[in-house]
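Asks: Before I ask anything, here is the structure I am working with.
The values are calculated or read from the model by the stated rules, or taken from the named source; none is laboratory data. What you see is a predicted model; the values in this text were computed from it and never measured. A quick note on method: Cβ atoms are made from the backbone with ideal geometry, for glycine too, and the neighbour counts reach across all protein chains shown.
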Amino acid sequence: MPLNTQIIRNGEPLQVSWDYHTLSAMYTAAIKEGAADYPGLIASDEEKTFGDLEEGEYIWFGNCYIYGLDIPGCDLTEKGEQTLTESHTFKFPEGDSLTLLPGDILSAYRSHK
């Protein structure tokens, strides 16, 4: 079943190149805002949480079982949709960047034919 993701800004879908960097930025922003104390998915010797991530830093979700994520406090993983309250800018290795703004709605859901 495919994962459908979307970023809605001012009532319209934001046109972004979809790749695992975009997906990772979406989920990192959602977890930072909804469950900043969540340490899962961060491979580190330190006791680092999503709230400890620096601006622009994101966690790679390319190999993550997205469908199984259920992080208390994070509406994107619990309900499939979350409205951001903060600004987040992510710089990707290829030189591209993505800025998510307060009021942006992140959406992720499974579909099947």
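Asks: Quick check on my filter: what residues within the range 77-105 are in contact with a His (Cβ under 8 Å, 6 or more places away or on another chain) and either closer than 13 Å to Glu33 by Cα or of a type in the set (Ser, Thr, Tyr) (or both)?
Replies: Thr99, Leu100
Asks: For the range 32-47, state whether one or more residues are among the small types (Gly, Ala, Ser), surrounded by 16 or more Cβ atoms within 10 Å (Cβ to Cβ) and over 11 Å from the mean Cα position of the chain (by Cα).
Replies: Yes, that holds for at least one residue.
Every residue, every condition in (1) closer than 16 Å to Asn4 by Cβ; (2) at pLDDT 90 or above, yes or no:
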| position | (1), (2) |
| --- | --- |
| Asn63 | no, no |
| Leu69 | yes, no |
| Pro72 | no, yes |
| Gln82 | yes, yes |
| Lys91 | no, yes |
| Pro102 | no, yes |
| Leu106 | yes, yes |
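Asks: Of the numbered conditions (1) within 26 Å of Gly11 (Cα to Cα); (2) in contact (Cβ under 8 Å) with a residue 24 or more places away in the chain; (3) exposed (fewer than 14 other Cβ atoms within 10 Å of the Cβ), Ile105 satisfies every one except a single condition; which is it?
Replies: Tallying (1) within 26 Å of Gly11 (Cα to Cα); (2) in contact (Cβ under 8 Å) with a residue 24 or more places away in the chain; (3) exposed (fewer than 14 other Cβ atoms within 10 Å of the Cβ), Ile105 fails exactly one: (3).
Asks: Given the criterion touching a Phe, Trp or Tyr at 6+ places or on another chain (Cβ under 6 Å), closer than 19 Å to Ser111 by Cβ and touching a residue at least 12 places away in the same chain (Cβ under 8 Å), identify the matching residue among Phe50, Phe61.
Replies: Phe61
Asks: List the number of the failed condition for Thr77; all other conditions in (1) outside any loop (DSSP other than H, G, I, E, B); (2) within 20 Å of Gln15 (Cβ to Cβ); (3) of a type outside the set (Asp, Glu) hold.
Replies: All conditions are met except number (2).
Asks: Just wondering, is there one or more residues in the range 67-87 that are surrounded by fewer than 14 Cβ atoms within 10 Å (Cβ to Cβ), more than 19 Å from Leu98 (Cβ to Cβ) and of a type in the set (S, T, N, Q)?
Replies: Within the range 67-87 (the criterion being surrounded by fewer than 14 Cβ atoms within 10 Å (Cβ to Cβ), more than 19 Å from Leu98 (Cβ to Cβ) and of a type in the set (S, T, N, Q)), the answer is no, since none of the residues qualifies.
Asks: Do we find a residue being at pLDDT below 90, within 19 Å of Asn4 (Cβ to Cβ) and of a type in the set (Phe, Trp, Tyr) anywhere in the range 22-42?
Replies: There is no residue in the range 22-42 that is at pLDDT below 90, within 19 Å of Asn4 (Cβ to Cβ) and of a type in the set (Phe, Trp, Tyr).
Asks: Take Asn4 and decide whether it is in contact with a Ser or Thr (Cβ under 6 Å, 6 or more places away or on another chain) and either farther than 23 Å from Arg110 by Cα or touching a residue at least 60 places away in the same chain (Cβ under 8 Å) (or both).
Replies: yes
Asks: Looking at Tyr58, Tyr20, Tyr67, can you tell me which residue is touching a helix residue (DSSP H, G or I) at 6+ places or on another chain (Cβ under 7 Å) and aromatic (Phe, Trp, Tyr)? Can you show your working first?
Replies: On the way: Tyr20 fails: touching a helix residue (DSSP H, G or I) at 6+ places or on another chain (Cβ under 7 Å); Tyr67 fails: touching a helix residue (DSSP H, G or I) at 6+ places or on another chain (Cβ under 7 Å).
Matching residue, one of Tyr58, Tyr20, Tyr67: Tyr58.
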